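Below: the structure, in structure tokens.
The values are calculated or read from the model by the stated rules, or taken from the named source; none is laboratory data. Quick caveat, the model's predicted, so the values are computed rather than measured. Here Cβ is always computed from backbone atoms with ideal geometry, including for glycine, and neighbour counts include all displayed protein chains.
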């Protein structure tokens, strides 16, 4: 076996690649949610601020639902993250918003297709 194969079979590496996309997704959600806080202090009044905050929270809520799906189904979550990243890049014309999501999606797929394969081989 190659050194890479032996490296990917270690429990530390498998745990690292299992948790890396999940932690990055949480950090990205918190980063996006941070922009919703700009509605406070805008002088909208109480209900105007509540409505504006709710509207600004929608992208974070969508990303949270994506993370919940990804947590259970790595393949589905990986592809959803990649598709949403392409939509973000096309709709907002911003690579800055799309690339982190694409990276998270690729990490979910890497874990599913590469790391889990070595977990199964280790059990055999």
Taking the condition part of a helix (DSSP H, G or I), in contact (Cβ under 8 Å) with a residue 40 or more places away in the chain and surrounded by 16 or more Cβ atoms within 10 Å (Cβ to Cβ), does residue 60 pass? no
Exactly one condition in (1) surrounded by 11 or more Cβ atoms within 10 Å (Cβ to Cβ); (2) without any contact (Cβ under 8 Å) to a residue 40 or more places away in the chain is false for residue 71; which is it? (2)
Regarding residue 101, is this residue closer than 30 Å to residue 10 by Cα and part of a helix (DSSP H, G or I)? yes
Name every residue in region 1-34 that is more than 14 Å from the chain's Cα centre (by Cα), surrounded by 11 or more Cβ atoms within 10 Å (Cβ to Cβ) and either at pLDDT 90 or above or not in a helix (DSSP H, G or I) (or both), in order of residue number. 10
Residue under question is residue 82, and the condition is that it be without any contact (Cβ under 8 Å) to a residue 24 or more places away in the chain and either surrounded by fewer than 17 Cβ atoms within 10 Å (Cβ to Cβ) or assigned to a helix (DSSP H, G or I) (or both); does it hold? no
Among the residues of region 39-46, is there at least one that is assigned to a helix (DSSP H, G or I), surrounded by 14 or more Cβ atoms within 10 Å (Cβ to Cβ) and more than 13 Å from the chain's Cα centre (by Cα)? yes
Screening 88, 53, 108 for residues that are part of a helix (DSSP H, G or I) and surrounded by fewer than 16 Cβ atoms within 10 Å (Cβ to Cβ) leaves only 53
Which residue pairs have Cβ atoms under 6 Å apart, sit 6 or more places apart or on different chains, and have a first residue in region 29-40 that is at positive phi and in contact (Cβ under 8 Å) with a residue 40 or more places away in the chain and a second that is surrounded by 11 or more Cβ atoms within 10 Å (Cβ to Cβ) and assigned to a helix (DSSP H, G or I)? none
Looking at region 67-78, can you tell me whether even one residue there is assigned to a helix (DSSP H, G or I) and over 28 Å from residue 116 (Cβ atoms)? no
